[in-house]
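Worksheet for the structure shown next.
The values are calculated or read from the model by the stated rules, or taken from the named source; none is laboratory data. Just so we're clear, the structure is a prediction, and the values are computed from it rather than from any experiment. Neighbour counts run over all protein chains shown; Cβ positions are idealised from the backbone, glycine included. Accessible surface areas use protein heavy atoms only, side chains included; no ligands, DNA or RNA. Shrake-Rupley method; radii C 1.70, N 1.55, O 1.52, S 1.80 Å.
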Amino acid sequence: QVQLVESGGGSVQPGGSLRLSCAASGTILGVHRMGWYRQAPGKRRELVAVSSSDGSTNYADSVKGRFTISRDNAKNTVYLQMNSLKPEDTAVYYCNADLRSTIATPWQNYWGQGTRVTVSS
């Protein structure tokens, strides 16, 4: 059974930094896209950053220049380095990935349980 386990959330003052990690565990044959979404109170879940298996990345305009997504393919892990955090970055951050367990199974999309990030003075 595949699971995505996030870590690294917490509380930080404006201008601070946090690093989120998401590790995929279980039987994994291949990983395509891995990324991060977030959902603030009363708002819809939105894309923050995504990394594809070809090395390409994509960021929400609101985090460009402040957040960096990276991945360790050997560990099936994706990271989100968040710098210059703002109060509007406060949200629950969710890891998302397209994974394939075996050659006989289709690609499937998975979500982590979420990790809370609070930016406040």
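Output the number of residues of the stretch 26-49 satisfying the condition of being in contact with a strand residue (DSSP E or B) (Cβ under 7 Å, 6 or more places away or on another chain) and farther than 14 Å from Leu99 by Cβ.
Looking only at the stretch 26-49, we keep the residues that are in contact with a strand residue (DSSP E or B) (Cβ under 7 Å, 6 or more places away or on another chain), and these are 26, 28-40, 45-49.
Subsequent filtering for residues that are farther than 14 Å from Leu99 by Cβ retains 36-40, 45-49.
Going through the stretch 26-49 one residue at a time, the tally reaches 10.
Tally up the residues in the stretch 19-38 that are in contact with a Gly (Cβ under 8 Å, 6 or more places away or on another chain) and of a type in the set (Gly, Ala, Ser), please. Please lay out each step first, then the result.
Initial filter on the stretch 19-38 (in contact with a Gly (Cβ under 8 Å, 6 or more places away or on another chain)): 19-22.
Still in the running and of a type in the set (Gly, Ala, Ser): 21.
Residues in the stretch 19-38 being in contact with a Gly (Cβ under 8 Å, 6 or more places away or on another chain) and of a type in the set (Gly, Ala, Ser): 1 in total.
Considering the stretch 21-35 alone, what residues qualify as being within 11 Å of Arg71 (Cβ to Cβ) and of a type in the set (A, V, I, L, M, F, W, C)?
Once the filter is applied, which keeps residues that are within 11 Å of Arg71 (Cβ to Cβ) and of a type in the set (A, V, I, L, M, F, W, C), the stretch 21-35 yields Cys22, Ala23, Ala24, Val31, Met34.
Take Val12 and tell me if it is under 23 Å from Thr118 (Cα atoms) and surrounded by 15 or more Cβ atoms within 10 Å (Cβ to Cβ).
Spelling it out, Val12 is indeed under 23 Å from Thr118 (Cα atoms) and surrounded by 15 or more Cβ atoms within 10 Å (Cβ to Cβ).
Tally up the residues in the stretch 15-52 that are open to solvent by 70 Å² or more (accessible area, probe 1.4 Å) and polar (S, T, N, Q), please. It would help to see each step written out before you state the result.
Start the filter on the stretch 15-52 by keeping residues that are open to solvent by 70 Å² or more (accessible area, probe 1.4 Å), which leaves 19, 27, 29, 32-33, 41-46.
If we keep only those that are polar (S, T, N, Q) too, we end up with 27.
Here the count works out to 1.
Go over the candidates Val92, Val48, Val78 one by one and state the one that is farther than 24 Å from Ser121 by Cα and touching a residue at least 12 places away in the same chain (Cβ under 8 Å).
Result of the check over Val92, Val48, Val78: Val78.
Give the residues of the stretch 65-78 that are within 12 Å of Val48 (Cα to Cα) and open to solvent by less than 60 Å² (accessible area, probe 1.4 Å), sorted by residue number.
Within the stretch 65-78, Arg66, Phe67, Ile69 qualify.
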